[in-house]
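Worksheet: one structure, shown below.
The values are calculated or read from the model by the stated rules, or taken from the named source; none is laboratory data. Given the structure is predicted, the values throughout are model-derived calculations rather than measurements. Ideal geometry is used to build each Cβ from the backbone, glycine not excepted, and the neighbour counts take in all protein chains shown. Accessible surface areas use protein heavy atoms only, side chains included; no ligands, DNA or RNA. Shrake-Rupley method; radii C 1.70, N 1.55, O 1.52, S 1.80 Å.
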Amino acid sequence: MINPNFSRLVPAKLRNILNLSKRATAVAVLCCALAACTSMGLDSADRAPPKLSSKIAAAMSAKGMKAESPVLVRIFKQESELEVWKVDKTGAYALFKTYPMCRWSGKLGPKTKSGDRQAPEGFYHVSSGMMNPNSQYYVSFNLGYPNRLEAALGYTGEALMVHGACSSSGCYAMTDQQVGEIYAIADRALKGGQDRFQVQAYPFRMTTRNMAAYKNDPNFPFWKTLKEGYDYFELTKRQPKVSVCGRRYVFNSEFANGEPSDPIASCPPAINQTEPAVAAKLDAEQQKLALAISEGTSSVANAYVDGGMHPSFRALLKNNGAKSMAEKVSGTKYPISRPEAALADPFAGAR
């Protein structure tokens, strides 16, 4: 308890020092919270993870999916959407639900260093140990950035999450309700026997039209590689096997001596062969892309402020203001990150 005579007993100069110290500590805590997407909450008490609701379980059942069947997540920056896929009764993945994304930061392109505010792009795998029910942003799961390829390339950063609260400094931010639902779906699949689930993070939907529009972007060679994995999933609805060698992702390959151990070294010869029907479709897609690139012109300007927000949330922000919106999307009422930048839609001409 504070002594009621504190003001009289402590010299004014010392009181000023103590008050300045308290304010500095508070500012430091706030700045730390705003500087990065941290995974652990401010409160150390364990929180029970969200459970799969009967409504979601019923929606899965209606689509021929079991609650414990494997899950896969796809993220698209430009569209500000996150997709949850589940294996259905056919044994292939089927789209369960598309969630509008509240906020992501940075720009199109991979994350390469700490502090660049970039949300990552690539292929990630999330295990049970990367699920966090005690996040300061309600609940979250860690993408595992940098993955093996990114670490080998010298990319830096940590604690890149999918989490609640509409605030991002390198993460993918959803509403609390959304991330609670996504967390429960993924958690149930992991507890049902899935060792880890794949997250595919893309700059945009990797259509030939979008690729041609960005053909002059410095990241285009990297995006062409991502498209190989994207196309395989689009055509087969099966999760692509991801290897890393030759400074790139390699999909659906088996190697004589097992998985390549050095992501930088040249890839060893592959010993497997893609099914002819799938290979033909993949080849046709590559030819279609080559034609679109040769005929089309780069039509997308890359000048924008900071990240993106789904149009539905941008309308909410515009009509209600940042403070009111924060109260609507998160129980913690965490401030919307850079609301002025979020209002400026950098992709209006690309939709």
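Figures for the structure shown
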| quantity | calculated |
| --- | --- |
| Qualifying residue in the stretch 284-296 (condition: farther than 22 Å from Asn210 by Cα and in a loop (DSSP other than H, G, I, E, B)) | no |
| Residues located in the stretch 85-121, provided they are within 30 Å of Leu153 (Cβ to Cβ), out of contact with any Leu (no Cβ under 7 Å at 6 or more places or on another chain) and not in a loop (DSSP other than H, G, I, E, B) | Arg103, Trp104 |
| Failed item in (1) part of a loop (DSSP other than H, G, I, E, B); (2) open to solvent by 40 Å² or more (accessible area, probe 1.4 Å), with Gly258 passing the rest | (2) |
| Residue, modelled with the lowest pLDDT, within the stretch 122-138, restricted to residues that are outside any strand (DSSP E or B) and either hydrophobic (A, V, I, L, M, F, W, C) or out of contact with any Lys or Arg (no Cβ under 6 Å at 6 or more places or on another chain) (or both) | Gln136 |
| Index of the failed condition, Met40 passing every other in (1) assigned to a helix (DSSP H, G or I); (2) modelled with pLDDT under 95; (3) hydrophobic (A, V, I, L, M, F, W, C) | (1) |
| Val139 closer than 23 Å to Ser169 by Cα, touching a residue at least 60 places away in the same chain (Cβ under 8 Å) and surrounded by 23 or more Cβ atoms within 10 Å (Cβ to Cβ) | yes |
